[in-house]
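Q: The structure follows.
Coordinate-derived values only; no laboratory data. All values derive from a computational prediction rather than experimental measurement. Cβ coordinates were reconstructed from backbone atoms using ideal geometry, including for glycine residues, and neighbour counts include every protein chain displayed.
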Amino acid sequence: MTNETLTAVPGIRVGQVTDAVGATGCTVVLCPPGTVGGVDQRGGAPGTRETDLLRPMHNVQTVNAIVLSGGSAFGLAAADGVMRYLEQKGDGYQTRSGFIVPIVASAIVFDLAIGERGIRPDSAMGYAAAQVAAEAPVVQGSVGAGTGCQIGAMRGAAYATKGGIGSAAVDLGDGLIVAALCVVNAVGDIVDDDGTIIAGLRGDDGQFIGMLNTLRQLPRPIETTTVPPSGENTVIGVVATNARLSKEHVNKVAQMAQNGIGRAVRPAHTMYDGDTLFALATGQIPADVNLIGAFAAEVTAQAIRNGVRAATSLAGVRAWNERS
C-alpha cells in the first residue's frame, strides 16, 4: 500500500481547509454513490448533526459526506456549504417530490481557546473543503479540523500538547481495505501500544505527568479547590471500508472502532469528551463484519497516534516532541 490513509478506500475523497490565524479548520469526507453510513457516539459532551438518520431503524440508508470541523457548535455550519456543493452536483437523497437533499453528517471539536477570536469554520469553508476533496493521501497533523486541537488542556495551552488529524489504513488482502481518519482533541493522554505516553497534560518541566496525575485533576467530593475540566475535549473521526455491509453492520463497525479510542486515549469517553465515530462502507467486496470491526479499532488507534506525531506547535501549544 502506497496510500495508508482514509483515501486508500477506493472512491473516498478528502478535502481540508486550514486557518492558521484562527487556529481552526474543517475536513470533508466525500463518499461514492451507494455508501452506507453508521455512527457511534460515546462521549458525554457531543456536538453533532444528522447522526440519528445513520442509526438502524431509520429510512435513509446511504450518506453523501461526513464533515469534521473545529469551531465547537459554530463549526456545524460548515456542513451547510458541503450540502450546497453536493446539491449543485446533483448528489443526494432523491425525494418522491423530485428534490435532492444531500445527506451530510457532522461532528465538531472545541478549538475556540486558541487562535484569533471570532474565526470559525462556516458554510464557505465547508464548500471550499468539498471543492478540493481528492483521492490523494490525506495530509496529517495541524491541518483541517485538527488545526486547533489540544490534548490534556485542563490547565491551559501552556501545559497541553498539540493535537491534530491523523489517518491509517490496512490492506486485508484481495483488495479489502479498512481505514480511519481521526481528529485528536482529547482530555486524556495519548498512549502508544506499549503504554508509553506520547501526548497529554504536562508538568512544570514540560514532561508528560502521566495518566494517574491527569485523573487526579478530576474533581472529587472532598476537594473543593480542584477545577474540573470543561466539556472542550473530543476525538471524532471516520472509519471506512470497501466491504459490502448492511446499515446494521456498518453501525456495528462504528461501535467496534470505538475500542481504538479506548486503546490510544486514557481516559476516554468521559463526560468532558464528545467522542464520535462515523463508519462508511462503499460496498465493493463481501466481508465479515467482525473482521472489519476488529481492524477498524486497530486503524482508529493508529490514526490517533499518527495525528499526534504529525502535529506541529501552534498558538503556544507545543507538539509532542517539543518539551521546553
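Q: Order 131-137, 80-86 from most to least packed using the mean count of other Cβ atoms within 10 Å.
A: Per-residue mean Cβ counts within 10 Å order the peptides as 80-86, 131-137.
Q: Simple spin-label model, 7 Å along Cα-to-Cβ: ALA124 to GLU322 in nm?
A: So the label points at ALA124 and GLU322 sit 2.9 nm apart.
Q: In what order do GLU87, GLU116 fall by count of nearby beta-carbon atoms within 10 Å, going from fewest to most? Working shown, then result.
A: On the way: GLU87 15, GLU116 12.
Result, fewest neighbours first: GLU116, GLU87.
Q: Quick check on the exposure proxy: order PHE99, PHE74, PHE278 from fewest to most C-beta atoms within 10 angstrom.
A: Neighbour counts put them in this order, fewest first: PHE99, PHE74, PHE278.
Q: As a footprinting exposure proxy, order VAL187, VAL235 by other Cβ within 10 Å, with the fewest listed first.
A: So the ranking, lowest neighbour count to highest, is VAL187, VAL235.
Q: Moving to a separate point now. With springs only between Cα atoms under 10 Å apart, run a GNM on the chain and tell me which of ILE292, ILE177, ILE100 wobbles the most.
A: Result for the chain, Cα springs under 10 Å: ILE100 fluctuates most.
Q: Then there is this: Working only with C-alpha atoms, what are the Rg and Dmax values of region 164-215, expressed in angstrom?
A: 15.3, 51
Q: Along the Cα→Cβ direction, 7 angstrom out, place labels at VAL132 and ARG55. What is the inter-label distance in nm?
A: 3.6
Q: What angle, in degrees between 0 and 90 and rounded to the nearest 10, separates the Cα long axis of helix 289-310 from the longest principal axis of the Cα atoms of the chain?
A: Long axis of 289-310 versus the principal axis of the chain: about 50 degrees.
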